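Data block below; observations after.
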Amino acid sequence: MLDQIIRDYREAVFDTDGEGAVAVAENALNNGIAAEDIVFKVVIPVIEEMMAVINRDPDANLAQHFMTAQIAATVTEKMLVHFRQPPASQGKVVIGTSAGDLHSLGKRIVMGCLKSLMIEVVDLGVNVTPERFVDAAVEHDAQVIAISSMMIHTARGENGSLAVRRLLQERGLESRVKLVVGGAPYRFDPELYRTVGADAWAEDGITAGRVIQDLIRAVTRP
């Protein structure tokens with residue numbers, strides 16, 4: 001039965017049919033499939049497959065990434081209430097776009113993927129100052145700050161990742177809070193993240209999820 005559920009769910013996701021994907025998940029639940037299995041054996045593997053396909057397609061766009069991530073987040077949130085016990089949080093991230101950057105779609109894609117991976121997300125919105133990133137990380141006890149930049153001047157600017165790194169250094173937080181970046185400038189220059197003082201970068205939502213998981217483990221490792 002699970003194989004058929006995976007096929008039906010995959011078809012809905014590849015058609016960007018959010019309602020259809022939810023219906024597949026709810027029908028599976030009604031037929032005795034555990035909510036945990038729906039998330040970990042259906043939702044996450046299919047979003048990974050879909051993102052891989054999109055990344056190989058030169059005609060793919062951010063809207064396709066967004067729909068895929070949103071479907072995963074929506075189905076996961078609906079299944080969470082049916083878990084036999086509340087799922088343990090995998091960690092916490094504060095996320096926003098660089099100061100001066102008002103592009104939110106890339107950030108929203110990453111948020112959808114993170115939610116499907118049981119990572120708590122604190123969304124700071126767009127045009128976020130360095131001080132607000134760091135203050136929010138401390139306030140929410142987040143292990144990772146994630147900064148999205150869609151323009152080269154906001155990625156490299158003095159009020160972006162570079163300033164966040166300086167604040168982490170000044171406040172002695174570098175062992176507690178890791179810094180990850182993403183967005184178009186980093187795809188053109190994969191080494192740019194080093195220039196702007198980040199610990200890592202991610203080229204898409206799924207990659208961001210895995211990178212952030214690794215950074216969380218690095219912070220919480222005994």
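Quick notes on this structure:
- Residues that are of a type in the set (D, E, K, R) and free of Cβ contacts under 8 Å to residues at least 40 places away in the same chain within region 160-201 comprise R165, R166, E170, R171, E174, R187, D189, E191, R194, D199, listed in sequence order.
- Whichever residue in region 169-188 is at pLDDT 90 or above and either under 16 Å from V93 (Cβ atoms) or of a type in the set (A, V, I, L, M, F, W, C) (or both) and, among such residues, is farthest from the chain's Cα centre (by Cα): L173
- Near pairs, Cβ below 7 angstrom, 6+ apart or cross-chain, from region 143-159 (touching a residue at least 12 places away in the same chain (Cβ under 8 Å)) to any residue that is of a type in the set (S, T, N, Q) and in a strand (DSSP E or B): S148/T97; S149/T97
- For region 206-222, the criterion of a residue being modelled with pLDDT of 90 or more, under 13 Å from V93 (Cβ atoms) and in a strand (DSSP E or B) is satisfied by no position.
- Condition met for V53 (outside the structural domain of V122 (by TED's automatic domain parsing), more than 15 Å from G205 (Cα to Cα) and not charged (D, E, K, R)): no
- Failed item in (1) in contact with a His (Cβ under 8 Å, 6 or more places away or on another chain); (2) of a type in the set (A, V, I, L, M); (3) surrounded by fewer than 19 Cβ atoms within 10 Å (Cβ to Cβ), with A88 passing the rest: (1)
- Selected residue (only one of R84, R132 is more than 11 Å from the chain's Cα centre (by Cα) and assigned to a loop (DSSP other than H, G, I, E, B)): R84
- Subset of region 27-37 that is over 24 Å from the mean Cα position of the chain (by Cα) and in a helix (DSSP H, G or I) - its residue that is surrounded by the most Cβ atoms within 10 Å (Cβ to Cβ): A28
- Hits in region 91-121 - residues which are surrounded by fewer than 17 Cβ atoms within 10 Å (Cβ to Cβ) and free of Cβ contacts under 8 Å to residues at least 40 places away in the same chain: L102, E120
- Under the condition of being part of a helix (DSSP H, G or I) and either at pLDDT below 70 or not aliphatic (A, V, I, L, M) (or both), the residues counted in region 46-62 number 5.
The values are calculated or read from the model by the stated rules, or taken from the named source; none is laboratory data. The shown structure was predicted, so the numbers you read here are calculated from the model rather than taken from an experiment. Here the Cβ is made from the backbone with ideal geometry for all residues, glycine too, and neighbour counts use every protein chain on show.
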